[in-house]
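Written out below as structure tokens is the structure these notes cover.
Bear in mind these aren't lab numbers, they're just calculated from the coordinates by the rules spelled out. On a predicted model such as this, the values are computed, not experimentally measured, just so you know. Reconstructed Cβ throughout: ideal geometry from the backbone, glycine too, with neighbour counts over all protein chains shown.
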Amino acid sequence: MKQSLLANNIWTLRTAFGETQLDLALALGLNSSNTISNYESGSRKPNNEIIRKLSKRYNITEYELCNTDLSDYLEMKNLLHSDLGYFEKNSKETLLSIYPVFYNKESKENEVFLGAYNRHCEIISKMSGDLNDVYKDELYFEIDEIYYNLFLENNDYISLANSIGIQCLYEFNEIFEERFLLNKDIEMLPSNPKYKDVYLRNNLDGNDEELKKMKAYKDLDLDIELLMECKEFKDLSYYYIALRYIYGIADDNLTFEMSGLIGRTMMDAFAKAGNKYALMYLKLLNKLIKKA
């Protein structure tokens, strides 16, 4: 464990959560803010019990607290929570940029594809107005199934790209809409297993047996791997991987903030490599920062 790293992380986390040294000291069962000051200066090392309490308080692992540089945590915490609200409330054009819907001349001549495409765009139109309009909407599942069947039948990667897009759009809407987060009623579970997985991973206690079962579903990860096989959509595949980390949706055991940090690092790297979707996302995010 690097003492200077731990000291900086304690300061970063305390600041990110808007606590004074006295606030944190009292929360940890300590009598004086001087102890926290000593932890943050590196002149005193917290014992294992204090490290455990710090990790629990800030919802990160002990390893992350002691061995990961969290110097960007404060900035990222603010960005992650603010850009969610911005993207949720923004226009149809913004949502289409973040979750692009694809077609070509041949696909638009297919009536089945065209029906799914039009309904897909309808969902985005509703989201740009009132998110409540699309809550519990089975339309997501129907569109996903149509796209995926078209991919299987015709090896149509445009349909696969749209299938992944509608799944990511569903994740975004369901996980970050406030009333969904507050709704713990098991009777409200979505019917489709891959969407049940998203709900359970974000809404039930980790010891729940049903949660453990649903974690076995990794359909979206596999879909993205399939999309990588198509050169035309390789950049889109990497973009969606980063985006899912940014919003804490990736299938892993990371905290929301740590997942976001990884996702932003990935998105920055993809943008530097010329990924047009990553570049577009960061451009939108920069607009948000300027408005803040």
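Brief remarks follow.
- Listed residue (Gln21, Ile50, Asn9) projecting farthest to the positive dipole end of the stretch 3-71, Cβ model: Ile50
- D (Stokes-Einstein, µm²/s), Kirkwood Cα radius, the stretch 3-71, 0.890 mPa s at 25 °C: 211 µm²/s
- Coupling constants for the stretch 114-125 follow from the phi torsions by the Karplus curve (6.51 cos²θ - 1.76 cosθ + 1.60, θ = phi - 60°), and in residue order they are 4, x, 5, 4, 5, 6, 4, 5, 5, 4, 5, 4 Hz; glycine and proline get x.
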